[in-house]
Amino acid sequence: MSKHCLKSWILATRPWSFPASAMPILVTLAYLFWLGKDVDWSIGIWTLLNIVFFHASGNVWSDYFDYKKGVDNEHSVGATSLTSGEFAPSEIKKLAYILLVISTLSGIALVVCTGIPTLFFGVVGVILTLLYPWMKYNALGDVDIFLTYSLLPILGTTYVATGTLGTEALWLAIPIGLITVGILHSNNARDIEHDKRAGIRTFAMIVGKKAAAYIYCAEVVLPFLWIAGGIIFGLFPSLSLLVLPALKLVLDNVKKVMRFPVEGEKMLWGIDESTAKIQLIFSLLLTVSLIVDKLFL
């Protein structure tokens, strides 16, 4: 594994996608803090780093299976660590195992420090990650991603950071989860024709290009409406309107995606990465609003 530089190994994990796993943890910690919970920030940050390693393992694992199944080839758009010939399949498989071992050992240590319920969240996360290729190929990838990068980390973070099993932070599941699912959905919409030739079935393929475009728009616009509604009902502070600047990038994406049914997959090139950027900006702004409101308002 030494013939590749560190940067190449990092890029093979698709680091642009990490906001999908890191941001639910960070926002949950901030939301619990805003609610007045006694938050253990050191454990929370440890959890964040652990899930990023876990996410990296999942990315590499998925790339390996997509390549072996023929879903990804030299004509594919997106992950190119294997399709470009830069890495051998055995190297990517080994990287997936190494990352999985690191995250698993860290997770075990986290269980020792926080309690057995953490083990449940970790085991479910491992199962969902290992099942992801099969679920993706059978139109359930969106469900897997919502569970893995929204419901599970929000509930798990609530437990490890406060020591109690609570559901208070689940109000975050919809806005955070929808944007994350949008990352996958835009990727699958772009690859509809390619995936058909590969013999797999994704949710985007089943609903068709036009419906897929509308669904993506809903996934990135509804989170802002959810926050606005939450402010009205007292679930979020008024300062949470600080997320609104992220709408600029959302609208840029929506314009491109709505042209996809007519103009084809070229309109979706890079949309998955820009959706991850939306997640990063939206979540950071929401985090800042919650912490500032609690400390100063």
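A few notes on this one:
- Residue in the stretch 70-78 that is in a helix (DSSP H, G or I) and among the hydroxyl-bearing types (Ser, Thr, Tyr) present: no
- Residue within the stretch 82-92 that is within 19 Å of TYR159 (Cα to Cα), in contact (Cβ under 8 Å) with a residue 24 or more places away in the chain and part of a helix (DSSP H, G or I) present: no
- Residue match in the stretch 54-64 (condition: under 16 Å from GLY156 (Cβ atoms), at pLDDT 90 or above and surrounded by 20 or more Cβ atoms within 10 Å (Cβ to Cβ)): no
- Residue match in the stretch 179-200 (condition: closer than 27 Å to LEU48 by Cβ and out of contact with any Asp or Glu (no Cβ under 8 Å at 6 or more places or on another chain)): yes
- Matching residues, the stretch 230-246, being part of a helix (DSSP H, G or I) and crowded, with 17+ Cβ neighbours inside 10 Å: GLY230, LEU239, SER240, LEU242, VAL243, ALA246
- So SER106, is it in a loop (DSSP other than H, G, I, E, B) and of a type in the set (S, T, N, Q): no
- Flag if GLY70 is of a type in the set (Gly, Ala, Ser), open to solvent by less than 50 Å² (accessible area, probe 1.4 Å) and on the phi > 0 side of the Ramachandran plot: yes
- Within the stretch 191-201, the only residue that satisfies the criterion of being open to solvent by less than 10 Å² (accessible area, probe 1.4 Å) and within 18 Å of GLY270 (Cβ to Cβ) is ILE192.
- Checklist (1) under 22 Å from the mean Cα position of the chain (by Cα); (2) open to solvent by 20 Å² or more (accessible area, probe 1.4 Å) applied to LYS266, failing item: (1)
The values are calculated or read from the model by the stated rules, or taken from the named source; none is laboratory data. Source: prediction; values computed, not measured. Here the Cβ is made from the backbone with ideal geometry for all residues, glycine too, and neighbour counts use every protein chain on show. With ligands, DNA and RNA removed, areas are computed over all heavy atoms of the protein, side chains included. Shrake-Rupley method; radii C 1.70, N 1.55, O 1.52, S 1.80 Å.
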